[in-house]
Amino acid sequence: MLRFIVRRLLVTIPTILVVISLTWGLIKLAPGNFYSTERRLSPAIEQNIREKYGLDKPWYQQYGKTMWGIVRHLDFGLSLRYENQSVNAIIKQSLPVSAAIGLLAYLLALVVGITAGSIAALKQNTRWDYGSMALAMLGISVPNFVLGPILVLIFSLTLYWLPPSRWGGFPSWNLILPVLTLSALQMAYIARLTRAGMLEVLRSDYIRTARAKGLSERDVVIKHALRGGLMPVISYTGPALAFLLTGTVVVERIFSLPGLGNYFIQASLNRDEPLIIGIVAFIAITLLLMNLLVDIAYAYLDPRVRY
Amino acid sequence: MSSGKFKQIVGLVVLASLALSTYSCTVVSSDEEFFGSTTPPKQNIFRYVNGDEPTSLDPVMSNGQPEARLYMALYDGLVEYNPKTLAPEPALAERWHINNDSSEFTFHLRHNGRWSNGDPIDANDFVYSFRRALAKKTASPNASLALYLKYAQAYNEEQVFVRDAKTGQYLLARDFVADLAPDPISTTPIDAAKPEYLPDPNELKGDPDTAFHQQMHTPLRLTLPGDEKARAKRIDADPKLKALVAGKEFVTVTEKDLGVEAVDQYTLRLSLVQQAPFFLGLLAHQVFRLQPQKIVEKYGDAWTQPEHIVTCGAFKVKTWIPYDKIVLERDPMNWDAATVKLDEIHFIPIVDQHTVMNMYKVGELDAVYNHTVPNPWLHVLKYKKDYMDAVEMAIDYLIMNTTKPPLDNVKVRRAFNLAIDKDAYAEWRRVVKPLTAFTPEGMFPGYPQPKGAKFNPAEARRLLGEAGYPVTQNADGSFSCPKFPEDQVEFIYNVQSANKLFAEWYQAQWKQNLGITVGLRAMEWKTFLDSRAKLEYKGLSRAAWGADYMDPFTFLSLFYTGSENGTGWEDPKYVAMLDEANRTLDHKKRYELLAQAEAYMLEQQPIIPIDTPSVNFVKKPYVKGMYPNPASLYPWKYIYIERDQAKWDYSTPSLAAD
Amino acid sequence: MSTEKKPEHDELIHTPPEMAIAEADVRSEEAGGFVRGSSLWRDAWRRLLKNKLAVFGLIVVVVVTIASIIGPTVIKNTFGFTPDYIPTDDVKLSRSYPPFTGPDGKFSWLHPMGTDNAGRDQLARVLQGGQISLLVGVIATLVSLLIGVTYGAIAGYFGGHLDNVMMRIVDVLYSLPYVIFVIVLLSLFRSQTPMGQLVLLFIAIGSISWLTMARIVRGQVLSLKNQEFVLAARATGVSGARIVFRHLVPNTLGPVIVYATLTIPQIMLTEAFLSFLGFGVQAPLSSWGSLAADGVQNIGIFPWQLIFPGVTMALTLFSLNFLGDGLRDALDPQMRTV
């Protein structure tokens, strides 16, 4: 096990560095820069800006400076757009928002998805089954940027029950609609996975044995079948996080939430190089670490897997 | 595959789609009176969206609109705006009197003015505040409004007097400055200006004639630039001055020379450098409001932090969460606390119009700031009862560089003006009213406003021909003007949302009516401002001006001497007309003279008037005391939440003075 | 029970849910995999037709595709609006009106889906949006197909070290937030022309969706490469490349088609959300995503601007998903566990 972790880490760290370098390289290659969109700046002002941000130095110096700061203190520098705010500070203040919605959405998706999927598997080919699978299909098909505004339209702008946007702190009514929107896709996927996994397990020999032994249906389900149904869900965690991430970006945009995703989009639109690199690096690190954790968990749970 | 499953799934999908589509068809046909929820907040809290996050809570530091609204809640001044007419009403000054030529104002302050920490307010606070507002290192962007005070400009620019060390005599301005207006301080006894603010008969005689007062009555002293190089340049340029300056010393103008005096603890006297009958109305502006001397001196720049700040307005700061909201609560120390009905005001900074409108609809906001309603929504929202539709005290116009040909020819300028159909423009924009003069129409009651030229393309073409650029008509009905030097004329504008659309509209008009294609050029804000101010641009540019006080002079003064209006047009005849008007004490006659000046300026056509914006916002019907006055300034202490539905506002509240 | 090859641990973790099941079966060495026979396709087709949901999906997709292709032209000829037509003569017309309503508020056939803020006909816009969305979906899928199949086939056939390295790369790429990269890419390299932007999209989206395809093809090739017909080909001296492309790849067609059909809606979703954020299709072209972005702003007062593009997109994706499911069921009944 330890060897496995070490091996993975050895692959992960260079990967992150490559990711950062690639992003940095892309930004440098691209035409234009962050301070000129449609504007015409006088040469003096432009020169001032270039000097201030060190843009007039040769590329290897800039690269070295950036990477050194990152490797040494994990310092991603100052944002170019949000004057005097360091990238680290921005990430620090926006992370709780994204984390809150993301985690709540995932929890909700797990609870609802596993329950629905289990019921559907147990009551296969009945109304429950068809109903929940239909809803699941809708969940996969309706894009979150359509679902979100429609939820806002119904529950906020027509019924006046919930706020239509903005962050209201934690916890607050403002959380409900963004979390619902974000979790819809995951809920659907998890339901389908649970159902498929459980169905497969329910057909297997050892379940038949358990039933033959006289175990109550409840025990059969919870102690044995569920475990089998959960495996695909656990292995799905990695991609789930990735989907949650991309979902968060849209949801934060729609609901005007001051989270990482929203800042990332703004940074991309503003060509705010340090902020882009900072957020990309942060996301890459998080995802890779989460994947590692998932792998460990899976190894722990599935005795068939050996290292 | 059972048909049951199929039917269920398909049925679900079809049902959902139909439901949504039907909903979208019917949602607008519901003829609700108001836009959104009309449930008043349970508590006495007013939630207002203020625009962008304010930059500073220091009343002299910012000239932005979001900040202005905050300052009105937090700081009191000598006078306050009337919520409907914007006329000055007593605030910290109980009553006042003005001398015969509107060059000296004496205020008697009330004795019960208090800061939010309980400290009493007196005339020294005003002296301190005015001095700080004009100090060079404060660098207030609104200092220009206070330049009417004597030696204000000299103090603000750190200029110097020229004094003979032996005799103590100062050189006088009238000896060296051409066209100086006569010293305005009249020597006739001071007299009350407004009958309802009659002072105590004892006070009329009692206002002491202090040494400072006498000094204010001496002729205006000459001031020279503080910077040595600039000063040397100025001296060298004038041989007479050079001769007289020799052997004399330069004395920096200090705050003690500023024309503000605390005659006694509760009497404040202001001396102006020129006649300014409108000055009283100007005093409600935030740059004239109080700053707490002790707190500023103790904490320096950090004095506005919520833990340090001390205010004197109807409300004080409770909490400030950046980018989330600022919460103000009522200040029981305020002299007028009894009038204040709200317990708290929440100022929420949101810039995106659509977010704001959604929050308003749901009932999270009670009112929104001016110009929030998106243009495409107007054909529906305009008919809702909570939509405020009134005139605004601002103008949009085009300026022309009169220093460069071909626009140095007044006929060409007039032609360009006559070729724009202001009515069509107003119809297209929806939130504006057409403007043909320079002051907004109907804004100043009793002002005989000149009409200005109406849209007349034929006349425009004729004028162009007279100027040497004949316009010919083509076979397809369009026009062309071959001789016109199109490369000498372009339209510049700053890059910001709809400016490009407007520019294209003007361009289309000139092309259509004159056959001239005016090039368009977008510029970044600072470059744009520079180009206008330095008269570098070729041709035309857009401009806008919001009034600082309710008097035509606030617009007409744009072409006074020394104003950087971006046209290069300066006419001594016009300036003389304005000066004469300001010297006139008779209100009606003054208005007539101002109107004449405006008419003269319009004929010279340094500008092309385009439109007057309308006020354009929504407020809930239960919000009372908030009136859509032309300046969009609301004295917050008059606002309250009406719980009795019968007393709600079922339309735009009237601005008629009661 | 057949001896199931233990799934490679990593792959099971990182595969998207649907294919987790599919792969387990695909890797089976049983000859009950893909027997090449001419009856395969006819059998599959028959099975597909029996699946009512899939048929429903097929019909909807076909209808939407045809409507998108010919719709705008039909509308132009009957009513005279193109998707870009902004009425300028009467100011009253350049406003947003609800479905089936005219400027005077009365019923009118002209705009079944209403108009947008500038007065453009929504139906024409939604159909044109469909053109772009479907186009991107199909072409980007083809791009990802091309890359994925080639990559997977090479890795699977040559095996050994090359296979290891290639699959490691895939693993690493899988765990990266590639959509983030695409956003950064699109924000930096904006094309000047709308067509250029489209091409950029094809390439960008296509190049992030090939990973699973590569895995599937590799798995297939692995299980096929030791079969007799391959041995025979090698014995007769056919070169490696020819074997890969002439013999092995055609046999992987089944899962490839299935996965391609399932990829199209995913890609359309990706494109839509990129356009929604502002990085995808640029004006004057519009896809369902950018139409939704325009509509979301006005949802408080003109909800039809969002509802119609949104519902159309959801319906299309819904149908594509059912069609994909049905194809999968039809092409390999053994994969059927749902």
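The values are calculated or read from the model by the stated rules, or taken from the named source; none is laboratory data. Given the structure is predicted, the values throughout are model-derived calculations rather than measurements. Positions of Cβ are generated from backbone atoms using ideal geometry, with glycine treated the same way; all protein chains shown enter the neighbour counts. When the accessible area is computed, the model is the full protein with side chains, heavy atoms only, and any ligands, DNA or RNA have been set aside. Shrake-Rupley method; radii C 1.70, N 1.55, O 1.52, S 1.80 Å.
Structure notes:
- Pairwise FRET efficiency - B:Leu180 versus B:Asp209, Cβ, R0 = 25 Å, nearest 0.05: 0.50
- For segment B:284-433, the ratio of Cα radius of gyration to the globular rule of thumb 2.2 N^0.38 Å stands at 1.55.
- Separation between Cα centres of segment A:182-239 and segment B:507-532, rounded to whole Å: 69
- Rounded to the nearest angstrom and listed largest first, the equivalent-ellipsoid semi-axes of chain A from its Cα gyration tensor are 45, 26, 14.
- Alpha-carbon centroids, segment B:574-625 and segment C:133-173: separation in whole Å: 72
- Distance distribution P(r), segment C:189-338, all Cα-Cα pairs, bin width 5 angstrom from 0: 2, 8, 13, 14, 14, 12, 11, 9, 7, 5, 3, 1, 1, 0, 0 percent.
- Take each residue of peptide C:311-319, count the partner chain Cβ atoms within 10 Å of its Cβ, and average: the result is 6.
- Net charge over other residues, Cβ less than 9 angstrom from the Cβ of C:Ile154 (K, R count +1; D, E count -1): 0
- Using alpha carbons only: equivalent-ellipsoid semi-axes of segment B:535-658, gyration tensor based, whole Å: 38, 19, 11
- Relative contact order %, segment B:71-125, counting alpha carbon pairs below 8 Å whose residues are six or more apart: 22
- Note on segment A:199-307: Rg/Rh from Cα positions, Kirkwood definition for Rh, rounded to two decimals, is 1.22.
- Simple point charges give the picture: +1 on the Cβ of Lys and Arg, -1 on the Cβ of Asp and Glu, and for chain B a dipole about the Cα centre of about 1240 debye.
- Cα-based Rg and Dmax for the protein assembly as shown, where Dmax is the largest Cα-Cα distance (Å): 37.4, 127
- Computed over chain B: relative contact order in percent, which uses C-alpha pairs under 8 Å that are six or more apart: 20
- Translational diffusion of segment B:354-403, µm² s⁻¹ [Kirkwood Rh, Cα pairs; Stokes-Einstein; 20 °C; 1.002 mPa s]: 160
- Only the Cβ atoms of Lys and Arg (+1) and of Asp and Glu (-1) were treated as charged; on that basis the dipole of segment B:237-307 about its Cα centre amounts to roughly 220 debye.
- Given charges at Cβ of Lys, Arg, Asp, Glu: the protein assembly as shown dipole, positive-most of B:Pro606, A:Leu107, B:Ala135: A:Leu107
- Kirkwood hydrodynamic radius over Cα pairs of segment A:160-239, then Stokes diffusion coefficient at 10 °C and 1.306 mPa s, in µm²/s: 104
- Debye intensity ratio in log₁₀ form over the Cα atoms of segment A:201-253, taken at each q of 0.22, 0.23, 0.28 Å⁻¹: -0.77, -0.80, -0.99
- Counted charge near B:Lys248, where neighbours are those whose Cβ lies closer than 12 Å (Asp, Glu -1; Lys, Arg +1): +1
- Over segment A:45-152, relative contact order from alpha-carbon pairs under 8 Å, at least 6 apart, %: 9
- Compared with the direct C-alpha span, the chain from A:Ser204 to A:Val71 gains 42.7 nm at full extension, assuming 0.36 nm per residue.
- When the Cα positions of B:Leu342, B:Tyr574, B:Pro457 are compared along the charge dipole of chain B, B:Pro457 comes out farthest toward the positive end, with charges on each C-beta of Lys, Arg, Asp and Glu.
- Within 10 Å of the Cβ of each residue in C:161-172, the mean number of Cβ atoms contributed by other protein chains is 1.
- Cβ-based charge dipole, the protein assembly as shown, positive-most Cα from A:Leu162, B:Pro470, B:Gln507: A:Leu162
- For chain B, share of DSSP beta bridges that run antiparallel, in % to the nearest 5: 80
- Extension gain, B:Thr55 back to B:Asp644 (0.36 nm per residue minus Cα-Cα distance, nm): 208.3 nm
- Dipole magnitude (debye, nearest 20) for the protein assembly as shown, charges at Cβ of Lys, Arg, Asp, Glu: 4920
- Within the accessible surface of segment C:103-235, defined with a 1.4 Å probe on protein heavy atoms only, the carbon and sulfur portion equals 70 percent.
- For segment B:368-447 versus segment B:103-178, the spacing of their alpha-carbon centroids is 37 Å.
- Its residues counted as N, segment C:248-290 yields a C-alpha radius of gyration over 2.2 N^0.38 Å of 1.60.
- For segment A:90-223, the convex hull spanned by the alpha carbon atoms encloses 144 Å³ per residue.
- Computed from the alpha carbon atoms alone, the convex hull of segment B:527-602 holds 97 Å³ per residue.
- A 1.4 Å probe run over the protein chains yields, for segment B:207-364, 43 Å² of accessible area per residue, whole-number rounding.
- Note on C:266-276: average number of Cβ atoms from other chains within 10 Å of each residue's Cβ is 3.
- Share of Cα-Cα pairs in segment C:105-157 lying beyond 17 Å, as whole percent: 59
- Cα-Cα separations in segment B:349-507 greater than 24 Å, expressed as whole percent: 51
- Residues with amide H under 5 Å from that of B:Val253, placed H, sequence gap 5 or more: B:Gln159, B:Val160, B:Phe161
- Debye log10 I(q)/I(0) for chain B, one point scatterer per Cα, at q = 0.10, 0.11, 0.12 Å⁻¹: -1.07, -1.25, -1.42
- Summarising the overall dimensions of segment C:124-210 from its C-alpha atoms, the Rg and Dmax are 15.8, 54 angstrom.
- Compactness of segment B:563-626 as Cα Rg over 2.2 N^0.38 Å, two decimals: 1.67
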